[in-house]
1. Provide the packing ranking of 31-39, 342-350, 202-210, i.e. peptides ordered by the mean count of other C-beta atoms within 10 Å per residue, highest first.
2. Over 27 Å between Cα atoms, which of Lys108/Lys164; Lys40/Lys226; Lys35/Lys116; Lys31/Lys359; Lys116/Lys344; Lys359/Lys423 qualify?
3. Expected output is a single nm value to one decimal: the length gained when fully extending between Ala338 and Ser81, i.e. 0.36 nm times separation in residues minus the C-alpha distance. What is it?
4. Suppose the chain between Glu297 and Ser364 were pulled fully straight at 0.36 nm per residue; how much longer would it get relative to their current alpha carbon spacing?
5. For the range 179-273, report the accessible area per residue in Å² (1.4 Å probe, heavy atoms, rounded to an integer).
6. Ranked from highest to lowest mean number of other Cβ atoms within 10 Å per residue, what is the order of the peptides 120-130, 425-435, 88-98?
7. Would you mind calculating the gained length between Asn126 and Thr348 on full extension (0.36 nm times residue separation, minus the Cα-Cα distance), in nm to one decimal?
8. Can you compute the modelled spin-label distance between Thr253 and Glu100, with each label point 7 Å from Cα toward Cβ, in nm?
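The values are calculated or read from the model by the stated rules, or taken from the named source; none is laboratory data. Every value quoted in this text rests on a predicted model; they were computed, and no experiment measured them. No Cβ is skipped: glycine too gets one built from the backbone with ideal geometry, and neighbour counts run over all protein chains shown. Calculation scope for accessible area: heavy atoms of the full protein, side chains included, ligands and nucleic acids excluded. Shrake-Rupley method; radii C 1.70, N 1.55, O 1.52, S 1.80 Å.
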Amino acid sequence: MFWSTTTSLFSALVLQSAQAAPAPLSTKQLKTSDKVLTLKRTGVKAGSSKALLSNHAVTATTPLVAVENGGGYAVDVDLGSDTFTLIFDTGSSDLWVASEGVQCVNPKGRHVATAKCGFGPLWSGNFEEGKVAGENFNISYGDGEFLVGTLGYEDVSVAGITVKHQEIASVTEGYWAGDGVVSGILGFAYSSLTAAYTGNNPANDNPETNNIHYENWIDNAVDENKIDPLFSVAIERGANGGGGQVALGGLPTINFDHHDFASTPLEIHSFTPRHPLEASNFTYYTIQPDGWVIGGESISTNFRAIVDTGTTLAYLPPKYAVAINAAFDPPAVFNQDAGIFEAKCGATPPDVAITIGGKAFQISAAELLLPKAQGLDPSTHLCVRALISSFLCNSPADVMFEQVTGIQAAAGPPAILGDTFLKNVVAVFDVGASEMRFAPHVNY
């Protein structure tokens, strides 16, 4: 069944809106980093939709690489002498890698062939810096994937910056939908989200009773004065599927206006009350946008959103998602069975911008209607893409998901500003100043 969006809610939101006062810009000057990671596009999503140093800190930049349309972004990370491609995720905190002998399970927890999980090269290490006794690793993601394993210490290098004796997780069992390239995740959210538990039996793990936390790689790099307390991300689209950069301690080397930043405070907010640390510690990179501009009409908002490189789309409170999707020409519709907004092939996306820190950031039409439609769904006459799960399907005819719009409704708090938003900005995660900064990243 399909539910058509309407413009009545949009009109009501416009009547309620008021222009937000600009937030003051930070006075700290940012410099271009010399430690830059290349972002690589992958077919794997992370599924997440988590003290100032002296002037002697250096900067580092690393490239991001994109592998397949619709997935996340990955970077190369050295564990000891071995290099692995890991999803770069600002929505989680752990560094984990699949180990040799990993047991793959399907969504029902039944063991299947390891190849079904699609892990990239497997780690053969044995924690050269020692194992963590009496603890286990246990993490679940919003799309149902879950992984368990052991914890230990290893020298970890990112963009040439080495943190020695870094605690990481070796995954020994899990359900994962990989692409054969990515071997794990590099989480850059706050360390209060790390997923270590006391005891050796994951079945006994409970966030309220035995969840413990350790310093992740980015926190240690800052604490050891190896980088200034910030990093920045620039995700790019392109004919090759996109890519971009992660710059450690400074700004990326791409071309953009360094004097056109807006800033907004990072907030401490408890999205899951049963997690005791969320009430008093930074966890996710959480901000409160001022509002949206849809077709030239301003709408003020009052919700918190996580800035997350590991989420492909933007997930907003339903009334805002409805308003934006209603502004497509013809309007996007909501597929109630699949729980997604979708649009006809050739639909015209609206002019949409998000306002943060008093500045409007335009969302490109390229992110509002996902590309590469592969035909028509005969039941809906809407654009479709064939996305096949090796766990659920036996042939490409078994399942087809509609081509979706870039703005979807969040099932509940928090809202998530994923790559639909991030491809349009240079985002600075300034943990030292407890703020996010954004500059337009357009015409590339």
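1. Per-residue Cβ counts within 10 Å, averaged per peptide and sorted highest first, yield 31-39, 342-350, 202-210.
2. Values: Lys108/Lys164 38 Å; Lys40/Lys226 24 Å; Lys35/Lys116 35 Å; Lys31/Lys359 22 Å; Lys116/Lys344 33 Å; Lys359/Lys423 16 Å.
Beyond 27 Å between Cα atoms: Lys108/Lys164; Lys35/Lys116; Lys116/Lys344.
3. Gain on extension, Ala338 to Ser81, equals 88.1 nm.
4. 22.4 nm
5. Spelled out: the 1.4 Å probe surface of the range 179-273, per residue, equals 37 Å².
6. Result, highest mean first: 88-98, 425-435, 120-130.
7. Numbers: separation 222, 0.36 × 222 = 79.92 nm, distance 5.34 nm.
Additional length available on full extension: 74.6 nm.
8. 3.5 nm
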